[in-house]
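In what follows, a single structure is set out as structure tokens and then discussed.
What follows draws every value from the coordinates through simple rules; no lab data is involved. Predicted, not measured: the structure shown is a model, and the values here were computed from it. With ideal geometry, Cβ positions are generated from the backbone for all residues, glycine too; neighbour counts draw on all protein chains shown.
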Amino acid sequence: MQEERTFQIKSLKSSHNCGRVFKIGLVTYKWIGKQYFNVLMENPRLGLRKMKAQISSTYNIIVSIGKCRNAKKFALYEIEDTLKEHYNRLWDYGIEIKRANPGSNVNMEVDHTLDGSLMFKRLYGLIEAIKERVPHAEHILCARHILANFNSRFKGEHFIKPFWRVVKATTKQRHEAAMQEIKELDRGTFDYLMDRDPKLFCDAVENGISESFNAEIVEARHKPIIAMLEDIRVYVMQRLYHQRSKGESWDLTICPSIRKKIIHLKEKQKFWAVYPCGYQQFEVVLCNDRYAIDLIRRTCGCRRWQLTGIPYVHGVAAISSMNLNSEEYVASCYSKATYFTCYAYIIHPLNDSSLWTQNEYTKPLAPKSKRLPGRPSTKRRKSAAEKDISSTHTISRVKQVQRCSICYVSEHKKMGAQQNEFQQQDPLLQLQDPLPQTLIPRSTPATPRPRSTSARLVQLRKRKASERITKLCLRKKVVPKDGSGCSLENPIDLA
């Protein structure tokens, strides 16, 4: 049995009174690393203390922090070998995708090394794929990200409202007026926005689709490349199915979110006066605002209908005046039929990696990992706009003259002004020595000791009038055995 991985029990005592041992020497860091291989692959940033607590609760044993550190290092080395295997099988993964989903296209960019091997660089980007597959698609910028970059270069709250007036403007006149307002504030700001073509983010207030997708793949981004692609593929495959199933339960002609907007606009349209002037042509008036409506062309003077495909409150008021259904004037892109067309595509499932077809392509190597100096950051860097929303607003005090908030001078601060005022008002602090020598015991030296920081802080704090009166009364109410009182004029001799 010496050459076999077995052992033999020579003696076994079924009953014993030994105490349980929680520190077992047979538990090595390699055993712990193998147990936590999948855990560290999904979460490489698992803390050592948390790892130690999980081992204690799961296996009921106690291990040291050093053993957890060695186990994590061993597991990460094993994961790096797994990463190399992932990159070697990228061609096989692409062939499997094409086999299961006919019509799919997989492109991978590699770098040629000096020894003739291939090194993985990146997969085909989404922007390039859209340019190739949908060349006529409109490219719109996210106004919130434009504002975040804008705030990093141009400081000041006076730029925010004019910027949003530019974004929200639906007519050429309002857009030019808002841009002229920014131009009068700062010429450089105007040139910065014109370089980014404000027409592209005029109606794009947010980028919800990309933000939602990025939030879903946060955990997948830390996994090996094939595991990451598989998580994304499975997520999109399930989402297509669930969205398709959700649409089948609708008893509507348009999407529910668009119907909610129409209902909200119907409540606001009662304040607008509608004047017919031709066949399905109206003039809608509210105070000094008036817009021309054409139901045949589906146009409105404010241009919101043309931009969004949904009739705004002016159009809803004209449609309601003819007792027509406003949902029939919504663009076809918001219909239930178009919704099913978007989710009609099905992503077919894939087989296990052991069943993939082997190819004769040169296997790409894993890219070289670059480790930056210092401890790696574990938190996402927030933009200036996110910081203003999620935290309190703070202003830096660098290179600023600090002044007293009471007397507005730079010689002292608020605590110094309170101390001066307190010394002028409190009769106890006007004495040369606040504590008479007759109150000091004989064992205490006559030289006063330096006060501690806490005592100085208490002395500098401005006391209310009630507190000073209370302290004086307490000192006066001290009565010795002979019945004589204690005050500043008649102190008690403790000797």
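Per-structure values
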{"read-out": "Per-q log10 I(q)/I(0), region 29-88, q = 0.23, 0.30 Å⁻¹ (Debye; single scatterer per alpha-carbon; no solvent)", "value": "-0.86, -1.34"}
{"read-out": "For region 305-382, alpha-carbon Rg relative to the globular expectation (2.2 N^0.38 Å, N residues)", "value": "2.34"}
{"read-out": "J(HN,Hα) series, region 268-280, from Karplus relation 6.51 cos²θ - 1.76 cosθ + 1.60, nearest Hz, glycine and proline x", "value": "8, 6, 5, 8, 9, 8, 10, 10, x, 9, x, 5, 6"}
{"read-out": "nm² value of the averaged projected area, convex hull over the Cα atoms of region 1-135", "value": "16.4 nm²"}
{"read-out": "Descending Cα extents along the principal axes, region 231-381, whole Å", "value": "74, 44, 26"}
{"read-out": "Restricting region 94-180 to GluC sites (Glu not before Pro) in coil, as DSSP defines it, with at most 15 other Cβ within 10 Å", "value": "Glu138"}
{"read-out": "P(r), alpha carbons of region 256-334 - 10 Å bins starting at zero, rounded %", "value": "20, 59, 20, 1"}
{"read-out": "Low-density loop positions, chymotrypsin sites (Phe, Trp or Tyr not before Pro), region 1-107 - DSSP coil, at most 14 other Cβ in 10 Å", "value": "Phe7, Phe22"}
{"read-out": "Neighbour-limited loop hits for GluC sites (Glu not before Pro), region 324-374 (at most 16 other Cβ within 10 Å; DSSP other than H, G, I, E, B)", "value": "Glu360"}
